[in-house]
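Worksheet: one structure, shown below.
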Amino acid sequence: MTQSALRITAFVSAVILGQLPAYAQDAPPEETPAIGAQSTPVAQGASKAAHMSDPVKELTADHSKFDQLKGPFASGSEVTEACLSCHTEASNQVMHSVHWTWEYQNEATGQTLGKAHEMNAFCGNVASNEVRCTSCHTGYGWTDVREPMPDDPTKVDCLVCHDKSGQYTKQDNLAGEPPLEPVAAGAKTITGAAAWPVDLAEAAQSVGAPPGRDNCGNCHFYGGGGDNVKHGDLSSALFNPSRDVDVHMSPDGQNFTCETCHVSDKHVFEGSRYETDVIDPHPDRMAGSAHDAAACQSCHTDSPHEGPNPLIAAKLNDHTDTLACQTCHIPSFARGGVATKTVWDWSTAGKLDENGKPITEEGFTQSDGKHLHTYMSKKGDFEWSENVTPYYAWSNGEMTFTLPEEEIDPTQVVEINKIGGNPGQPDSRIFPFKRMVGTQAYDVQRNVLAYNNVYGPGNGTALWSYYDWEKTLKAGMDYAGVEYSGEFDFVHTYMYWPITHMVAPADDALQCESCHTQGGRMADLAGIYVPGSEINLGGKLGLAMFLMALLGALGHGALRLINRGKKNGGHHG
Amino acid sequence: MAEHCVKVYSRFNRLWHWSQVGSIMLLFFTGARLLGLHPILPFGAAVLIHTVVALALLLLWAFATFWLFTTGGYKQFIPRMQGMWEVSRFYAYGVFKGEEHPYVKSYERRHNPLQAAAYFALKMMLFPAIWISGLAYLSYGFWDHLDGGSFWLEIIANFHVLAAFAIASFVVVHVYLLTIGHGFRQHVRPMVSGYEKVDLTPEAEAYFRQQGRVLD
């Protein structure tokens, strides 16, 4: 009784709490139609309020009715000013999020992470390449990541997350600004499409509260410079995935948006690749109730398997203290027809043809027929892959990075990030990762990863314009303000990306024999005994004993037969 | 004393024996699948069958143990040295010379000393080894949080497999020995019909005749 009473209380509170962030923040209370408004003459302040004859809207504010949003707007910042005239606290909330700071303090490891600080195995570093990289920043005009974004509320980009017109975008080299009339020739958006002039007024009047999957996806699906390049489990396939690509996000499945799992509070979203919620233990929470962590367990509990066969279900539930849900339920990533970049070798970048022109090769054909680059003078050699089997490792979600200026051992593969956690620890599970294989520049004398200046047309140093490693690295290191010996080489790197999206329908989950077989998926993993993965010592000794018994019986029988022959076929008895 | 065909294996005794045969064969087959010796059956189905059959067999063993002790049938399996040398010598030597089996079955001791010793070892060592390690294996989910859980699982798994092969070796020898003497069919028949030739005192014969348990 007590338990069910608690559950009901928890459920009611959850329902109430669940409503708050979604609607209360963005709805100015004075716009809400007052009860009994029809019976009295309509007050001036409520002249735009909907009447009972109007369709009931999802949100309590129709932004197309606001005079402040009629425009015209000359810049994104002007739209933000209009937003802030009502939503006075919104910009400050955004400016306290990692979306704005690109900085993440990992209390557990003491490391300062975030795009503004770390190195990665893709384009390396933001510093000196800002206007290209910060094209996906939730602000306008961050042209120097050596300094934090200025405390200027009008620099927050409200539209990138809240636009519902579908025609708002950011240009790929304007430090977060949208392409506006007149659009420069050859300009591209952050998704790589030919840029179009954005209608800021239309976008401003279209806004809605929870970001849609396109709001998130237009940046997050294109990380690393193209569709699915970086994550492997976040691609344009998730804009409208079939059920077998993502059972949660498919319109034929649960039709989740990103925010269904990545719940937000004060514009800060749950979910992190620095400190991943590998587990979310909550024995008292009902499945499906409000949660504050973006883990599978948050909704599914730690014993999610039920019938039809209770014995199998119990056996599968036995696995949940060893395996992350993702390990079985995301059998492969880069599904849905969009390949991910798996190998990036920068060391071959810079080669030019006999006319001094850059070379491109398109040696990979994606399953939708699209050709992808396998060599570019700008970037070196690539490999791509679809339906990739993940790399598995024990993980407690804690990532420790090899930060700039941290000494590396170039004789070994440098792990850009190291996966935390140990076999059998209560906070660790076997988790799937995309292991990005890189070859990156480093300072040979100082044994540190090198900053590179890849973007910057007209600056005389950028690799993508001038194809000269000497200049590129010198410019990058100088910009970052670190010492550079002038002597560089390339080192092999791994970078690990947690795989947690593209959850397949239950029928497509890994089967027992995916792991419980010789050479199965866990074959290289220490710290677990996987029955069926080898003929163990007991099995070898036992087999020997069994064969000896068999040979003994056969030998004994053969001797009897021989002796019976000698005795002239005499059968005793 | 004369040999007569008497009903020595009761219905429960035969049911026990043959369901044990069936279960153990299924356990060998599915266990070999789990070890990776053959690919017939999906792994999950093999786990399921192995688990259910093992639990059913344990239940049967519980009943059989109860039955053995209440009926006094357990005395059949108490090992003894008397006649051990003769029987051992027969299997190692005499059988090749066409000698008669030195052991004459009685109603109270239908197993020869070597046989009794083998069954005793099977029941007191191999069966407990397989079911204790099996239950520990099966209940892994309840103790895997302990320190070194995975290490102990590996120890238990090895032990379980080793015990299984020991039982398999017993089965090989057990079946082979049925071919010695009066022949395989003659030896299997009593466990089907329940009747076997044993030495009876006239008093015992009279008693069994009265009960209708003597065939000839």
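Farthest toward the positive end of the dipole of chain A, out of A:GLY307, A:ALA349, A:MET149, is the Cα of A:GLY307, where the dipole comes from beta carbon charges about the Cα centre.
Globularity index of the stretch A:433-568 is 2.24 (Cα radius of gyration / 2.2 N^0.38 Å, N = number of residues).
In the calculated pair-distance distribution of the stretch A:68-213, the portion above 27 angstrom amounts to 22 percent of the Cα-Cα pairs.
Helix B:11-35 and the long axis of chain B differ in direction by around 30°, with both axes built from C-alpha atoms. Of the cross-linked pairs A:LYS155/A:LYS471; A:LYS115/A:LYS188; A:LYS370/A:LYS434, which ones have a Cα-Cα span greater than 27 Å in the structure shown? From A:LYS155/A:LYS471; A:LYS115/A:LYS188; A:LYS370/A:LYS434, over 27 Å: A:LYS155/A:LYS471. Computed from the C-beta positions of B:LEU55 and B:ALA206, the FRET efficiency with R₀ = 45 Å rounds to 0.50. Relative contact order of chain B, taken over Cα pairs closer than 8 Å and 6 or more residues apart, is 38 percent. Using R0 = 45 Å, the C-beta based FRET efficiency linking B:HIS17 and A:ASP302 works out to 0.55. Dipole orientation for chain A: of the candidates A:SER242, A:PRO410, A:MET545, A:MET545 has the Cα lying most toward the positive pole (charges on Cβ; Lys, Arg +1; Asp, Glu -1).
Working note: Cα atoms of the protein assembly as shown, range along each principal axis, descending, whole Å: 121, 82, 46. Compared with the alpha-carbon gap, the fully stretched path from A:PHE239 to A:ASP292 is longer by 16.6 nm at 0.36 nm per residue. Across chain A, Cα pairs under 8 Å and at least six residues apart give a relative contact order of 12 percent.
The modelled label-to-label distance for the pair B:PHE120/A:LYS48, using points 7 Å beyond Cα in the direction of Cβ, is 9.8 nm. Assuming charge only on the beta carbon of Lys and Arg (+1) and of Asp and Glu (-1), the dipole of chain A about its Cα centre is about 2600 debye to the nearest 20. Using a Förster distance of 35 angstrom, determine the FRET efficiency expected from the C-beta separation of A:LYS65 and A:ARG146, and round it to 0.05. E between A:LYS65 and A:ARG146, to the nearest 0.05, is 0.20.
Highest average first, the peptides B:117-125, A:493-501 ordered by how many other beta carbon atoms sit within 10 Å of their residues are A:493-501, B:117-125. Starting from the Cα of B:LEU178, step 7 Å toward the Cβ, then list every residue of the stretch B:1-26 with an amide N under 20 Å from that point. Those under the cut-off are B:6-26.
Applied to the stretch B:50-66, the Karplus parametrisation 6.51 cos²θ - 1.76 cosθ + 1.60 on θ = phi - 60° returns per-residue 3J(HN,Hα) values of 4, 5, 5, 5, 5, 5, 5, 5, 4, 5, 4, 5, 4, 4, 5, 4, 4 Hz, with x for Gly and Pro.
Using a cut-off of 30 Å between Cα atoms, the listed pairs A:LYS164/A:LYS378; A:LYS70/A:LYS170; A:LYS566/B:LYS7; A:LYS57/A:LYS230; A:LYS230/A:LYS315 include A:LYS164/A:LYS378; A:LYS566/B:LYS7; A:LYS57/A:LYS230; A:LYS230/A:LYS315 as exceeding that distance. The HN-Hα couplings worked out from phi for the stretch A:112-122 by the Karplus form 6.51 cos²θ - 1.76 cosθ + 1.60 (θ = phi - 60°) are 8, 10, x, 4, 5, 10, 8, 9, 9, 8, 9 Hz, whole numbers, x standing for Gly and Pro.
Mean separation of Cα pairs under 8 Å and 6 or more residues apart, divided by the residue count, gives the stretch A:150-206 a relative contact order of 35 percent.
Order these by the 10 Å Cβ neighbour count, fewest first: A:PHE382, B:PHE28, A:PHE239. Final ranking by Cβ density, sparse to dense: A:PHE239, B:PHE28, A:PHE382. The alpha carbon gyration tensor of the stretch A:43-128 gives principal lengths a ≥ b ≥ c with a/c of 1.5 or higher and a/b greater than b/c, which makes the shape prolate. The stretch A:393-436 and the stretch B:35-63 have Cα centres lying 39 Å from one another.
Phi-derived couplings, Karplus 6.51 cos²θ - 1.76 cosθ + 1.60 at θ = phi - 60°, listed residue by residue for the stretch A:359-376: 10, 10, 10, 10, x, 10, 10, 6, 4, 8, x, 6, 8, 10, 5, 10, 8, 9 Hz, with x used for Gly and Pro. Taken over the Cα atoms of chain B, the convex hull encloses 155 Å³ per residue. Of A:CYS325, B:CYS5, the sequence from fewest to most neighbouring Cβ atoms within 10 angstrom is B:CYS5, A:CYS325.
From helices alone, chain A scores -6500 deg cm²/dmol at 222 nm; the rule is -39500 (n - 2.57) for each run of n ≥ 4 DSSP H residues, then divide by the residue total. Note on the stretch A:340-503: the alpha carbon radius of gyration divided by the globular reference 2.2 N^0.38 Å gives 1.18.
Values quoted throughout were computed directly from the atomic coordinates according to the rules given, and no laboratory measurement underlies them. Just so it is clear, the model here is predicted, and its values are computed rather than measured. Every residue, glycine as well, gets a Cβ built from its backbone with ideal geometry; the counts of neighbours run over all protein chains shown.
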